Amino acid sequence: MPTALQNPATTAADGAPGPRYAYKASLIGAAHRFELTDQGLSWRIAGRSAVWPYADISAVRLSYRPVSMQSRRFRADIGHTDGSRIAILSTSWQSAALMAPQDQDYRVFITALHVRMAQAASKASLAGGLTPRIYACAIGLLVLVAIAISGLLVRALATGEFAGALFLVGFTALFAWQVGGFVRRNRPLEYSFDHLPKALLP
């Protein structure tokens, strides 16, 4: 159930406030708050605030960003024509041991933002996943890790260290499950206003 802090995103009726969203990026400090108004995307972050007309939003990048305390964590990076950037996360810190997901509220708000931008005839760049350069580096790192683990596994089997070999197999399976999902979801792509990437939304 949404809390008062979360200020869930909702579809506004005529004359009512636009969709809103809020999350806490850390335990210290106020929540980051966003609202879709007739004038544009209104945001308030760490004492700063502004209203960005939808036509002035230059870029949106959606990505999947899991962390140790929350595996279902998504992020939207939004750029302005003046070079400013803000980020919207799908999780909110509730306590020192709890990072709560806000899947539905985040998805509704991000979808509504794209609708408003499309209505404003936005020419923004819409991208998903990691940038191609960072993605290529991630793939290269995975290849190096795979080669190293394969070498260790062959050596363990050759020397009869079956317990070590079993450990490597288990580690590889866990690594592939966690990192594989990150790499698969964050494959670089471009999308349109009417076809948001499902893998990059909760």
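Taking the chain as the reference, fit the longest principal axis to its C-alpha atoms, fit the long axis of helix 103-119 to the helix C-alpha atoms, and give the angle between the two in degrees, 0 to 90, nearest 10.
Taking the Cα atoms of the chain, the angle to 103-119 is about 60 degrees.
Label-point separation (nm) for LEU98 and ARG72, each offset 7 Å from Cα along Cα-to-Cβ?
1.6 nm
Once Lys and Arg get +1 and Asp and Glu get -1 on their Cβ, which of ALA163, ALA76, LEU27 lies farthest toward the positive end of the dipole of the chain?
Result: ALA163.
Would you mind computing, in nm to one decimal, how far apart the modelled labels at LEU174 and ASP194 are, each placed 7 Å from Cα along Cα→Cβ?
4.7 nm
List TYR191, TYR106 from most exposed to least, where exposure is judged by having the fewest other Cβ atoms within 10 Å. Don't skip to the answer; put the middle values down first.
Working: TYR191 15, TYR106 26.
Least to most surrounded, the residues fall as TYR191, TYR106.
With springs only between Cα atoms under 10 Å, which of ALA158, ALA138, ALA127 fluctuates most in a Gaussian network model of the chain?
So, out of ALA158, ALA138, ALA127, the one fluctuating most is ALA158.
Compute the helix-to-body angle for 132-158: its Cα long axis versus the longest principal axis of the chain, expressed 0 to 90° and rounded to tens.
Tilt of helix 132-158: around 20 degrees.
Relative to the Cα centre, what is the charge dipole magnitude of the chain, using +1 at the beta carbon of each Lys and Arg, -1 at the beta carbon of each Asp and Glu, and rounding to the nearest 20 debye? Intermediate results must be reported in sequence, preceding the final value.
Working: 20 positive and 11 negative charges, 67 e Å.
Here the chain has a charge dipole of around 320 debye.
Taking the number of other C-beta atoms within 10 Å as the exposure measure, put ILE147, ILE57, ILE28 in order starting with the fewest.
Details: ILE147 10, ILE57 22, ILE28 7.
By the 10 Å Cβ count, ascending: ILE28, ILE147, ILE57.
Give me the extension gain from ASP82 to LEU157: residue separation times 0.36 nm, minus the current Cα-Cα distance, reported in nm with one decimal. All intermediate terms of the calculation are to be shown ahead of the outcome.
Working: separation 75, 0.36 × 75 = 27.00 nm, distance 5.82 nm.
Between ASP82 and LEU157, full extension yields 21.2 nm more.
Among PHE182, PHE167, PHE109, which one moves the most in a GNM of the chain with springs linking Cα atoms closer than 10 Å?
PHE167
Sticking with the crude label model, points 7 Å out along Cα→Cβ, report the distance from PHE182 to SER26 in nm, one decimal please.
Using points 7 Å along Cα→Cβ, the separation is 2.1 nm.
Every read-out reported here was derived from the displayed coordinates using simple, explicitly stated rules and does not represent laboratory data. For clarity, every value in this text was computed on a predicted model and none was experimentally measured. Every residue, glycine as well, gets a Cβ built from its backbone with ideal geometry; the counts of neighbours run over all protein chains shown.
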